[in-house]
Amino acid sequence: KKKKKPNDFLSYYHRSKLPPADQWKDSPIFVSPSARAQHITYNLPSTNGGDAVLPFPIDGTPVLFHGPFFKGQISQRVRIKNSCNSSSTKDYFKGRSRQFQWSVQGSFSKPLRFDQVVTGQSFDRPFRNA
C-alpha cells in the first residue's frame, strides 16, 4: 500500500502561522517572510507585538533586513486590480503591463560569485538583454 504524501502547501501554510485571509490588509495577497528563512531578520512595522506573522508592505516602502551573508533593504509593489493600492503604486504601474516589482539593495558580508547567489525565485524562460 502506497503511503499518502502530505500536502506540501498546507504543511507550509500551517508552519507559516499566517492569519486568516479575511484579516489580510492587502487581500487577496499576503507577502511575508519565509518560514524556511528563520536566520534572516526583517525590520517590519509592528502594531500588535507577539510572534504574529507580519506582512511586507506592497506599496514600495523599503524594509531593512539582515542575514548571515547579506544586509540591505527590500521594497516591493504589487498591482491588485479593484483594490485600494496607494496612489504611488497606481502611478508606478500606470501605462505598464507588469504586475509586480521587487527591488533589493545592499551588500554581501563576504565576496561571492554571482552563480553562487540564490534568490529563491524560479523563471520559466532565460533573461533577455541582461
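Values in this text are rule-based calculations from the coordinates and carry no lab data. Model, not experiment: these values are computed from the prediction. Glycine gets a Cβ as well: all are built from the backbone with ideal geometry, and neighbour counts include every protein chain shown.
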What is the spin-label model distance, in nm, from residue 105 to residue 66 if the labels are put 7 Å beyond Cα along the C-beta direction?
1.8 nm
Say each of residue 117 and residue 32 gets a label point 7 Å from the Cα, pointing the same way as Cα to Cβ; how far apart are those two points in nm?
2.8 nm
How do 111-119, 61-69, 37-45 rank on mean C-beta neighbours within 10 Å, highest first?
61-69, 37-45, 111-119
Cα-Cα over 21 Å, subset of 25/71; 71/110; 17/81:
25/71; 17/81
Would you calculate the separation in nanometres between label points at residue 125 and residue 98, each defined as 7 Å from the Cα along the Cα-to-beta-carbon direction?
1.6 nm
So, counting K/R as plus one and D/E as minus one, what does the shell of residues with Cβ under 13 Å around residue 86 add up to?
+2
